[in-house]
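Report on the following structure.
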Amino acid sequence: MAKLCHIPERMKRVDPKVYGCLFCVTGKEEAVVQQLKEASASVRAVVARREKYLTTQGVKSKTAEVFLPSYVFFEAPKEVTTLEWIPRKNVHRILNYGDGAWQLCGSDLEFAKWLFRYDGYLAFSKAYQVGNKVHIFSGPLKELEGQIQKVDRRGKSARVVLQFFNMAVSAWLGYELIEPVQDAETAPNEGKPE
């Protein structure tokens, strides 16, 4: 029996690409991305990475880390019918639904497309503070505002719950505060016409 995915009206337009996910050896995600690049020029692959602060000997610096270890997402032309180009080394399997379909759909597809919009790298979002509230106005957290569970003002990060393959994955994503704002009248333009 085929897996049925609810597809929102706005997504019913024909997408020229299909998306999938490989389950890999932890720590070998970047090697798998490189293998995919070498195997097929038409396939794009990313590892879900996030920017974060690292404090070493009192010095704060930015760094990146994988926040979904063991997973590599790929985007391929819709015409792809075989998966011969998927590397065997460091790959356990391609994730699939119960019926064997590997093409992501529903919320899994939305998650993959969101990740590809940022090339797999979730840099700090930009935020401003009005009183005791933090408002995200750009970056990956802007698109996830409804899924923000908790905000750590001191650590300048927000915990979001991401849904992927029927798993709720909790991740802390960082933000940077711009100059504090006294009231909503002086807040940055959030894409509203002037």
Search result, residues across region 91-100 that are part of a loop (DSSP other than H, G, I, E, B), open to solvent by 30 Å² or more (accessible area, probe 1.4 Å) and within 15 Å of Phe74 (Cβ to Cβ): Asn96
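Step by step: first the residues of region 106-129, then only those that are basic (Lys, Arg) and farther than 17 Å from Lys78 by Cβ, then the one that is surrounded by the most Cβ atoms within 10 Å (Cβ to Cβ). Which residue is that?
Lys126
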Subset of region 37-51 (residues that are open to solvent by less than 70 Å² (accessible area, probe 1.4 Å) and within 18 Å of the chain's Cα centre (by Cα)): Val43, Ala45, Val46, Val47, Ala48, Arg49, Arg50, Glu51
Filter pass, Thr63 being at pLDDT below 85, open to solvent by 30 Å² or more (accessible area, probe 1.4 Å) and within 23 Å of Cys24 (Cβ to Cβ): no
Residues (over 19 Å from Ala41 (Cβ atoms) and surrounded by 15 or more Cβ atoms within 10 Å (Cβ to Cβ)) located in region 77-90: Asn90
Elements of type strands (runs of 3 or more DSSP E) contained in region 107-194, each with 1 or more residues being within 13 Å of the chain's Cα centre (by Cα) and at pLDDT below 70: 157-164, 167-177
For Gln103: the one exception among (1) part of a loop (DSSP other than H, G, I, E, B); (2) out of contact with any strand residue (DSSP E or B) (no Cβ under 6 Å at 6 or more places or on another chain); (3) open to solvent by 40 Å² or more (accessible area, probe 1.4 Å): (2)
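The values are calculated or read from the model by the stated rules, or taken from the named source; none is laboratory data. Not measured: the values here are computed from a predicted model. Because the Cβ atoms are built from the backbone with ideal geometry, glycine has one as well, and the counts that use them run over all protein chains shown. What goes into the accessible areas is simple: the full protein's heavy atoms, side chains included, and nothing from ligands, DNA or RNA. Shrake-Rupley method; radii C 1.70, N 1.55, O 1.52, S 1.80 Å.
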